[in-house]
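Please read the structure below before turning to the comments.
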Amino acid sequence: MKLHNLKPAEGSVKKAIRIGRGEASGKGGTSTKGNKGGQSRAGYKSKMGHEGGQMPIQRRIPKRGFKNINRVEYKVFNLGQLDQLVEKYGFTEVSLENLYINGLINRTDRVKVLAHGELKAKLSFKINAISDKAKAAIEAVGGSVEIIK
């Protein structure tokens, strides 16, 4: 094998179709773009969502509801869940850092504790929000609650 013998594999190299290079090429005249109109011209660009005169899908489908931009999303934990987490992870303090380190919340999540279930362990809480019943249940067991803003 020598350099002057080298050839690409059979069928791997195709010749480019030369559009708009005269009638003899078979692709002359309108250059495969049909006759007249915006789409045959240079620089044509259709509007986003345009469906050729048919009513676009974003106008056919009705609007529903709204998104409240002031809504504050919380990751919710119940007292029963926290009791199980104390057994599993050995928490003495329920804080955002502890929950994040153990993969229970994301870095930016806000945590709220609700009163469903029963708490047996004495814990200190450093969280974003808590219900009144949950706070009373925690303090009845001997725990403490600190709200972080």
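Are any of the pairs LYS67/LYS112; LYS120/LYS149; LYS47/LYS67; LYS14/LYS47; LYS7/LYS33; LYS122/LYS149 more than 25 Å apart by Cα-Cα distance, and if so, which? Present the calculation step by step, with values, prior to reporting the outcome.
Working: LYS67/LYS112 21 Å; LYS120/LYS149 27 Å; LYS47/LYS67 27 Å; LYS14/LYS47 34 Å; LYS7/LYS33 35 Å; LYS122/LYS149 23 Å.
The answer is LYS120/LYS149; LYS47/LYS67; LYS14/LYS47; LYS7/LYS33.
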Original post:
Using Cα atoms only, what is the angle between the long axis of helix 79-89 and the major principal axis of the chain, expressed in degrees (0 to 90) to the nearest 10?
Top reply: 80 degrees
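So, by mean Cβ neighbours within 10 angstrom, what's the order for 69-80, 7-18, 104-115 with the highest one leading?
Details: 69-80: 12.6, 7-18: 7.1, 104-115: 15.6.
Most protected by this proxy first, the peptides run 104-115, 69-80, 7-18.
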Subject >> Value of relative contact order over the chain, rounded to a whole percent, pairs C-alpha under 8 Å and six or more apart >> reply: 15 percent
Original post:
To the nearest 0.05, how large is the calculated FRET efficiency for LYS120 and TYR100 if R₀ is 22 Å and r is the Cβ-Cβ distance?
Top reply: 0.35
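Sort 21-30, 124-133, 46-55 by packing, meaning the average of other beta carbons within 10 Å per residue, with the highest value first.
The packing order, highest mean first, is 124-133, 21-30, 46-55.
Suppose every Lys and Arg Cβ carries +1 and every Asp and Glu Cβ carries -1, with no other charges. What dipole size does the chain come out with about its Cα centre, to the nearest 20 debye?
Once rounded to the nearest 20, the dipole reads 1760 debye.
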Subject >> Principal axis dimensions, largest first and in whole angstrom, of the chain by Cα >> reply: 94, 60, 24
Original post:
Cα to Cα, under 17 Å, and not fewer than 8 places away if on the same chain: which aspartates and glutamates meet these conditions relative to LYS126?
Top reply: ASP83, GLU93, GLU97, ASP109, GLU139, GLU146
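What share of the DSSP beta bridges in the chain is antiparallel, in percent to the nearest 5?
On the way: 1 of 14 bridges.
Here the share of antiparallel DSSP bridges comes out near 5 percent.
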Original post:
Along the principal axes of its C-alpha atoms, what lengths does segment 21-71 span, in descending order and rounded to whole Å?
Top reply: 67, 23, 14
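Only the coordinates and a few stated rules stand behind these numbers; no lab work does. Predicted model, so just to flag it, every value in this text is computed and none were measured. When we count neighbours, we look across all protein chains shown, and the Cβ atoms used for this are built from the backbone with ideal geometry, even at glycine.
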